[in-house]
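Asker: Please read through the structure below; I'll follow up with questions.
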Amino acid sequence: MVDIRLIRENPELVRKALENRQMGQELLEEILQLDAQRREALQIVEQKKAERNSISSEIARAKASKDNSRAQSLMDRAKEISSEVKELDVRTSQIEEELRQKMLYLPNIPSEKTPVGRSESDNIVVRTWGEPGKPAFEVKPHWDFGPETGLIDFERAAKLSGARFVILRKDLARLERAIMNFMLDLHHSKGYEEVALPFMVKRETMLATGQLPKFEEEAYRIEPDDMFMIPTAEVPLVAQHGEEIIDGELPRKYTAYSACFRREAGSYGKDVRGMIRVHQFDKVELVWFTHPDFSYDALEQLTADAEDVLRKLKLPYRVVALCTGDIGFASAKTYDLEVWLPSYNTYREISSCSNVEDFQARRANIRFRDIDNKLKFVHCLNGSGLAVGRTLVAIIENYQREDGRIDVPEVLVPYMGQEVIG
RNA sequence: GGAGAGAUGGCCGAGUGGUCGAAGGCGUACGCCUGGAGAGCGUAUGACGAGCAAAACUCGUCCGUGGGUUCAAAUCCCACUCUCUCCGCCA
């Protein structure tokens, strides 16, 4: 949620933000109009209420001094005002609700640090790490490797659940578990508090983090209970502190494993082969709650922590700063980590690290007490550290040997108890 | 699923119709005391919204949520949500 006062006092800033996001201005205009209406209605109703209140206390005084006729005439007057107040209240809260609904659809204002651009092609490569290998043989894409070795079973997954699901078997199932444990252990060693969370959440939880109301068609909904399967652990990880005043030191750093569920509506043609884009995948997530003054330092640190996973796995990657036209709804600034995938002969997203500033904290009402003793909204950051399925793919393709088997990355050997699979 | 108990400020906890936004305590901030710290003493300390150039100012709202009764609701009535205890079922 964007601060309504900021919108009111600095609409040009919001106008520019929407423009940079390649979005229309209509929503902003509606919000400005509703805000003006709301304040006008508020002033009228509050004045009436003040009148009612003062008569009410006069009644109390009249009754105390046994002046019953005076009390009665005041009560008649108060009754009139009260019914006026009731009407005005209804009108005011209608406007307020309408405004609130519109506000929920307004995206975050991109940071000044976010490069301005129209689309993906305007993103900026910030740095590159490692060299894509140049094997003398042809690397098998994971969608061939998997079925041929029997370690990935797309057919039976489709039998169970339809397209875009995957079954991992034997060493690959174990490798995935090893990857998760390795990531969680690494983050834990850096001071992240590990959390195990619900994968199903209430509607209001999805609202708090910004997945709803705008992106409902992207989420799996559990009809009878109006709950949602989480699209990322970010949702419960952030919302756990909803309606709280965080006590103790900031930043708070959390890491959690979760399965993630996405309908992938509107991406029918994309990545139909393999397990790059599936409806259910595993991910290890990182979330920070920080003081507003330090959230951009925190973004660098969080990104570095996610990068460290790739470095320790010795997977070549690059860091991309997303432009204003490409960052997510809630984000003010985002770095994507992209890992080298031989099957695509390019880098593909494996992590997305964002500073959403106070956007989620406003929705979820997450505050802290600053040194000046004032309550302020925290800044929230989230990033994948990393998407486990895509890490698995990256290992299959980057660690492939000429004999078609896969070397286990050194850091995972202790978790696997073996050095080669396949 | 059945039965009961509860939900009040950052926290604990009093308060059953009219100066209650709410006693008391803890915590926090400042001051005194001290070589320094602690203890002790004193003072202050809810949130949100609107008005104003701004406010230490004024007004409004808020005692789980939503309705209702009343001139007036933390307090009375109804519904719901959540938490806890017990019973049943279950991984």
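Asker: 222 nm [θ] for chain A, helices only, -39500 (n - 2.57) per DSSP H run of 4+, per residue, to 500?
Answerer: Details: 13 runs with 180 residues, N = 422.
That calculation yields -13500 deg cm²/dmol at 222 nm.
Asker: Please state the charge dipole magnitude for segment A:364-404, taken about the Cα centre, from unit charges on C-beta atoms (+1 on K and R, -1 on D and E), reported in debye and rounded to the nearest 20. Before the final figure, lay out the partial values.
Answerer: Numbers: 6 positive and 5 negative charges, 97 e Å.
Computed about the Cα centre, the dipole is about 460 debye.
Asker: In degrees, nearest 10, range 0 to 90: what is the angle between the Cα axis of helix A:388-398 and the longest Cα principal axis of chain A?
Answerer: With both axes taken from Cα atoms, the answer is about 30 degrees.
Asker: In nm, to one decimal, how far is the A:ASN365 label point from the A:GLU80 one, both placed 7 Å along Cα→Cβ?
Answerer: 3.8 nm
Asker: Counting only residues 5 or more places away or on other chains, whose amide H sits under 5 Å from the amide H of A:SER352 once H atoms are built in the peptide plane?
Answerer: It is A:LEU337, A:SER384, by chain and number.
Asker: Okay, next question. Normalised by the residues of chain A, what does the relative contact order come to in percent, with Cα pairs under 8 Å and at least six apart?
Answerer: Details: 760 pairs, mean separation 81.5, N = 422.
With pairs under 8 Å counted, the relative contact order is 19 percent.
Asker: Same structure again: For segment A:38-48, just list the computed ³J(HN,Hα) in residue order, Karplus coefficients 6.51, -1.76 and 1.60, θ = phi - 60°, integers in Hz, with x standing in for Gly and Pro.
Answerer: Coupling constants for segment A:38-48: 4, 5, 5, 5, 4, 4, 5, 5, 5, 5, 4 Hz.
Asker: In chain A, with Lys and Arg counted as +1 and Asp and Glu as -1 at Cβ, which of these residues, A:GLY242, A:PHE199, A:ALA64, has the Cα nearest the positive end of the dipole, that is, farthest along it?
Answerer: Projecting each Cα onto the dipole axis, the largest value belongs to A:ALA64.
Asker: Quick one: order A:TYR344, A:TYR268, A:TYR192 by neighbouring beta-carbon count within 10 Å, fewest to most.
Answerer: Going from least to most buried by this count: A:TYR268, A:TYR344, A:TYR192.
Asker: Can you flag which of A:LYS253/A:LYS283; A:LYS140/A:LYS314; A:LYS48/A:LYS374 are past 27 Å Cα-Cα?
Answerer: On the way: A:LYS253/A:LYS283 17 Å; A:LYS140/A:LYS314 19 Å; A:LYS48/A:LYS374 31 Å.
With Cα atoms farther than 27 Å apart: A:LYS48/A:LYS374.
Asker: Something else about it: Take the alpha carbon atoms of segment A:297-362, find their center, do the same for segment A:384-422, and report the distance between the two centers in whole angstrom.
Answerer: For segment A:297-362 versus segment A:384-422, the Cα centre distance is 21 Å.
Asker: Counting only other residues whose beta carbon sits under 14 Å from that of A:ARG348, what net charge do I get with K and R as +1, D and E as -1?
Answerer: Details: positive: A:LYS270, A:ARG273, A:ARG277, A:ARG318, A:ARG390; negative: A:GLU120, A:ASP271, A:ASP336, A:GLU338, A:GLU349, A:GLU397.
Local charge sum for A:ARG348: -1.
Asker: Rounded if a/c is under 1.5, else prolate if a/b beats b/c, else oblate: with a ≥ b ≥ c from the C-alpha gyration tensor eigenvalues square-rooted, which is segment A:34-122?
Answerer: Because a/c hits 1.5 or more and a/b exceeds b/c, segment A:34-122 counts as prolate.
Asker: If one takes the longest principal axis of the Cα atoms in chain A, at what angle in degrees, from 0 to 90 and to the nearest 10, does the Cα axis of helix A:11-20 lie?
Answerer: It is inclined by approximately 20 degrees.
Asker: If the only charges are +1 at each Lys and Arg Cβ and -1 at each Asp and Glu Cβ, what is the size of the charge dipole of chain A around the Cα centre, to the nearest 20 debye?
Answerer: Details: 60 positive and 71 negative charges, 142 e Å.
Dipole of chain A, to the nearest 20 debye: 680 debye.
Asker: Counting Lys +1, Arg +1, Asp -1, Glu -1, what net charge surrounds A:ASP282 among other residues with beta carbon under 13 Å of its beta carbon? Before the final figure, lay out each step's value.
Answerer: Values: positive: A:ARG177, A:ARG262, A:LYS283, A:ARG390; negative: A:GLU176, A:GLU285.
My count for the surroundings of A:ASP282 gives +2.
Asker: Here's another thing I want to ask about it. Just report the Cα centroid separation between segment A:41-116 and segment A:175-195, whole Å.
Answerer: Their Cα centres are 52 Å away from one another.
Asker: Give the value in nm², to one decimal: projected area of the alpha carbon convex hull of segment A:241-323, averaged over all directions. Write down the numbers at each step before the final one.
Answerer: Numbers: hull surface 33.8 nm².
In nm², the orientation-averaged hull projection of segment A:241-323 is 8.5.
Asker: Then there's this: Please list, in chain and number order, the residues 5+ apart from A:VAL420 or on another chain whose amide H is under 5 Å from its amide H, with Hs placed from the backbone.
Answerer: The answer is A:VAL408.
Asker: What residue among A:ALA50, A:SER111, A:GLY389 has its Cα farthest toward the positive end of the dipole of chain A, where the charges are +1 on Lys, Arg and -1 on Asp, Glu, each on the Cβ?
Answerer: After comparing all options, I get A:ALA50.
Asker: In addition: Around A:ASN108, with a cut-off of 14 angstrom between Cβ atoms, what is the net charge of the other residues, counting Lys and Arg +1 and Asp and Glu -1? It would help to have the intermediate numbers written out before the result.
Answerer: Values: positive: A:LYS16, A:ARG21, A:LYS113, A:LYS214, A:LYS333, A:ARG362, A:ARG363; negative: A:ASP3, A:GLU112, A:ASP326, A:GLU357, A:ASP358.
Around A:ASN108, the charge tally is +2.
Asker: Which Rg and Dmax, in Å, describe the Cα atoms of segment A:175-248?
Answerer: For segment A:175-248, the Cα radius of gyration and maximum Cα-Cα distance read 14.7, 41 Å.
Asker: Please list, in chain and number order, the residues 5+ apart from A:GLU194 or on another chain whose amide H is under 5 Å from its amide H, with Hs placed from the backbone.
Answerer: A:THR255
Asker: If you don't mind, there's one more thing I want to ask. Given chain A reduced to its alpha-carbon atoms as identical point scatterers, what log10 I(q)/I(0) does the Debye formula return at q = 0.06, 0.10 Å⁻¹?
Answerer: -0.33, -0.76
Asker: What whole-number distance in Å separates the alpha-carbon centres of segment A:238-287 and segment A:1-21?
Answerer: 27 Å
Asker: Right, next: Restricting to chain A, what percent of DSSP beta bridges are antiparallel, rounded to 5?
Answerer: Values: 51 of 57 bridges.
Bridges in chain A are about 90 percent antiparallel.
Asker: Further question on the same structure: Return P(r) of segment A:179-306 (all Cα-Cα pairs; 5 Å bins starting at 0; whole %; ordered from short to long distances).
Answerer: Reading upward from the zero bin: 2, 10, 17, 20, 19, 17, 10, 4, 1, 0.
Asker: Residue by residue, what Karplus-based ³J(HN,Hα) values in Hz, rounded to whole numbers, does segment A:178-188 have, using 6.51, -1.76 and 1.60 with θ = phi - 60° and x for Gly and Pro?
Answerer: 5, 4, 4, 5, 4, 4, 4, 5, 4, 5, 4
Values in this text are rule-based calculations from the coordinates and carry no lab data. Treat the numbers as computed from the prediction; the structure is a model and nothing was measured. Here the Cβ is made from the backbone with ideal geometry for all residues, glycine too, and neighbour counts use every protein chain on show.
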